[in-house]
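See structure below.
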Amino acid sequence: MAQAARHHRNPLSAVSSVLNTDGKAHPVENSFAAATIVLGLVAFVSALFPGLHLLSSWTGLLGILSGAWGQMISATTPERFLLIIGLGAAALGFFLGMAHGGLFGGIVG
């Protein structure tokens, strides 16, 4: 029950304590999780607009790659959870971006 009484001075330390459930710092793994979430969110939102297919397909591809590498090096379950959510959003954005014109649509060929 001692964990329920923790007080965090700033929001970043609260997020860090949630992701680092083993008590050790994982800055690289947490960075991959955050990058995958951001890239997945950008890919998903931009995929809703067909004219932004270049942005959605490239950010989706980068989100898939960073999420896959993050899964390989992740150390805790909360990191893996965020990585899977980001990977799903990135993959959906990537696939919709590919359907709307692809990685090089209109630029090459």
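The values are calculated or read from the model by the stated rules, or taken from the named source; none is laboratory data. Here the structure is a predicted model, which means the values were calculated and not measured. These area figures cover heavy atoms from the full protein model, side chains too; ligands, DNA and RNA do not enter into them. Shrake-Rupley method; radii C 1.70, N 1.55, O 1.52, S 1.80 Å.
Give me the percent of accessible area attributable to carbon and sulfur for the range 32-106, probe 1.4 angstrom.
85 percent
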**Asked** What's the extension gain from Thr77 to Lys24 if we count 0.36 nm per residue and subtract their Cα-Cα distance?
**Response** 17.7 nm
